[in-house]
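Read the structure below first, then the notes.
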Amino acid sequence: MLARRQELNTQLQVLIDAFLLALSLWAAYALRYYSTLWFNLSKSVDPQSNYAWLLIPIMAFGPILLDLQGFYQSPLNKTKWRSIMQIARAMIGLSIIVSGCVIFLRLPLANRTVPLLFILIGTVVLLAKERLIAARLRRRAVRGVQREPVLLAGLPQDLAALERSFTTEQRLLIDVVGRIDIEQQPISDLVEAMHRHAVSRVIFAAGHSQLNRVEEAISACEVEGVPAWLVADFIRTSIAKPDFDAFAGRPMLVFRSTPEVSWALLIKDVFDRVVALIVLLVMAIPMAIAALIIRITSPWPVIFRQRRAGKYGKAFVMYKFRSMTDDAEMRRAELEPFNQMSGPVFKVESDPRITRFGGWLRRTSFDELPQLLNVLMGDMSLVGPRPLPLYEVEKFENTAQRRRLSVKPGLTCLWQISGRNQVRDFQDWVRLDLDYIDRWSLALDFKILLRTIPAVIMGLGAK
C-alpha cells in the first residue's frame with residue numbers, strides 16, 4: 001500500500017474513531033440514566049449539558065493518543081491483546097486529560113459512572129471496528145482484490161535482501177510481478193515488463209555504484225507515468241534514521257538521530273509549559289518562604305544565574321535558588337583535586353561551599369524549582385539531559401558526547417533517577433542521556449517523572 005494511501009487511510013480512521021468515541025459517550029450516558037439497570041437506583045437525571053464538554057477532549061485528544069500508541073499501524077499483524085493494551089493506554093491518557101479539566105478548570109462531572117462506562121464501551125467499539133477492518137482487508141488480500149502489482153529492479157542480491165525484509169502484511173498487499181536486473185538487462189526489458197503487468201510502481205534496490213543506471217531507469221518510469229521508489233539504504237548509518245523532506249524546492253534525504261517533529265513532541269512541549277505553570281502557582285508560597293530564608297541567612301542574591309548549554313549548545317541563563325556561598329566559583333579551582341567525576345564535569349561530595357540551608361535545598365531538590373521558569377520560556381523541558389555549564393561543554397573530549405545537546409535539557413533525566421551521586425564516570429552519564437534520546441517517547445517521559453517523585457521525596461542521590 002502506498003504511503004499516501006496509508007496516510008489518507010489513517011486520517012479517515014482518525015475521523016471515524018472521533019465519532020465512535022462521541023457515540024460511546026452518548027451510549028454511556030443513555031445506559032446510566034435510561035437503562036433499567038440503574039433507573040431505580042437513581043431517579044434524578046443529570047442534564048446532558050454536564051457531560052457535553054467531554055466531547056471536546058474526547059474527540060480532539062482520543063484519536064491523537066491512539067495514534068501515539070501505534071493503534072493505526074499494521075492492523076493485520078496485531079493481536080487482540082496488543083490492540084486492547086494500546087486502547088487502554090490511550091484511555092488512561094484521556095482520563096488524565098479529563099481529570100485535569102475537572103480539577104483545574106472546574107468543569108462539572110457529578111457522576112463518575114458515565115466516564116467509566118465510556119471507557120468500557122469505547123474500548124469494545126474501537127476494538128470491534130479494528131477487527132472488522134482487519135478481517136475485511138485480509139479477505140480482500142487473500143482474494144487478490146487488494147494486492148498491488150509491483151515490479152522490482154536492481155541487483156539480484158539487493159532485491160533478495162529487500163524481499164526478505166517484507167512484513168507479513170506487505171506480502172499480503174503487494175504482488176511482485178517481476179524482477180529486473182538493471183546491470184545485465186536493458187532498460188527496454190523494464191519498460192516491456194511495466195506494459196505487460198500494468199504495474200502501479202517500480203521499486204529500485206541498488207548500490208551507489210549503479211546510480212547512473214538507476215537514473216536512466218527512473219527516467220523511463222517518468223515517461224510511463226509509473227511511480228519509482230528508490231531504496232536509500234546505500235548510505236549506511238548506525239544511529240540516524242533516514243527521512244524525506246523538501247527544501248528550496250529540492251527533494252532532500254534527511255538523516256535524523258533525534259526525535260523528528262511530531263504530535264508527540266508538540267504534546268510534550270504543551271505539557272511541559274502547563275505543568276510548569278501549575279507547579280509554580282502551587283509552590284508560589286513555599287518558594288517565597290525559601291527565598292526569604294536565603295535572604296535572611298546569607299547576604300548574597302537569592303537566585304543563582306548561570307549560562308548553560310541548551311539545545312544544540314545554544315547558551316541560555318538557567319535559574320536556581322542559591323545554595324552556595326558567593327565565592328563558590330572562585331573556590332572551585334582549589335577543590336579540583338577532590339573532583340569525584342571523570343571527564344569535564346565537576347562534583348564534590350560534602351562540598352564546603354554549600355550553605356547550611358543550601359544543604360537542605362539540595363537534598364530536597366528544592367533549589368531546582370526556579371528552573372520551571374526556564375521550562376515556561378522554552379529553554380528547558382521537564383525531562384531531558386541535565387544542562388551543563390558552557391565551560392564544561394567546551395571540555396568535551398569526545399565529539400559524540402555533544403549529541404546529548406541535540407534535544408532540550410531537562411529538570412530530570414535517567415541520570416537523576418539512577419542515583420546521580422552513584423554515577424562517577426561521565427561516559428556513563430552520557431550513555432544514559434543518549435539512551436533516553438534514542439528511546440524517547442511520551443510514555444518514557446511519564447515513567448521518568450513518576451520515578452522522580454519518590455527519588456526527590458527520599459532524597460536519592462542528592463547531596
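The values are calculated or read from the model by the stated rules, or taken from the named source; none is laboratory data. All of these numbers come straight from a predicted model, not from anything done at the bench. For neighbour counting, all protein chains shown are included, and Cβ atoms are generated from backbone atoms with ideal geometry for every residue, glycine included.
Remarks
- Against the numbered list (1) modelled with pLDDT of 85 or more; (2) crowded, with 16+ Cβ neighbours inside 10 Å; (3) part of a helix (DSSP H, G or I), Val176 comes up short only at (3).
- Considering the range 67-89, and only residues there that are among the aliphatic types (A, V, I, L, M) and assigned to a helix (DSSP H, G or I), the residue that is surrounded by the most Cβ atoms within 10 Å (Cβ to Cβ) turns out to be Ile87.
- Taken over the range 368-407, the criterion of being charged (D, E, K, R) and crowded, with 23+ Cβ neighbours inside 10 Å is satisfied by Arg404 alone.
- You will find that of Leu117, Leu151, the residue that is of a type outside the set (Asp, Glu), modelled with pLDDT of 85 or more and touching a His at 6+ places or on another chain (Cβ under 7 Å) is Leu151 and no other.
- When the residues of the range 224-275 are filtered to those that are assigned to a loop (DSSP other than H, G, I, E, B) and modelled with pLDDT of 75 or more, the one that is farthest from Gly384 (Cα to Cα) is Gly225.
- Candidates Leu159, Leu126 - the one that is of a type in the set (A, V, I, L, M), at pLDDT 80 or above and either under 26 Å from Leu54 (Cβ atoms) or not assigned by TED's automatic domain parsing to the domain that holds Ala217 (or both): Leu126
- The number of residues in the range 50-59 that are touching a residue at least 12 places away in the same chain (Cβ under 8 Å) and assigned to a helix (DSSP H, G or I) comes to 6.
- Cross-chain or 6+ apart pairs with Cβ under 7 Å, the range 106-130 first and more than 15 Å from Ile96 (Cβ to Cβ), then modelled with pLDDT of 85 or more and among the polar types (S, T, N, Q): Ile121/Ser24; Gly122/Ser24; Val125/Ser24; Leu127/Ser83; Glu130/Ser83
- Listing of helices (runs of 4 or more DSSP H) fully contained in the range 383-449 that carry 2 or more residues being of a type outside the set (Gly, Ala, Ser) and at pLDDT 80 or above: 390-393, 426-438
- Total residues in the range 353-382, condition within 25 Å of the chain's Cα centre (by Cα), under 22 Å from Pro299 (Cα atoms) and outside any helix (DSSP H, G or I): 1
- Residue within the range 141-162 that is under 30 Å from Gln13 (Cα atoms), small (Gly, Ala, Ser) and touching a helix residue (DSSP H, G or I) at 6+ places or on another chain (Cβ under 8 Å) present: yes
- Residue that is nearest to Phe396 (Cα to Cα) [pool: residues in the range 289-320 that are without any contact (Cβ under 8 Å) to a residue 12 or more places away in the chain and over 28 Å from the mean Cα position of the chain (by Cα)]: Arg295
- Count of residues meeting criterion [of a type outside the set (Val, Ile, Thr), surrounded by fewer than 18 Cβ atoms within 10 Å (Cβ to Cβ) and either assigned to a helix (DSSP H, G or I) or in contact (Cβ under 8 Å) with a residue 60 or more places away in the chain (or both)] in the range 179-199: 6
- Single residue of Ala206, Ala198 found to be farther than 14 Å from Leu159 by Cα and of a type in the set (A, V, I, L, M): Ala198
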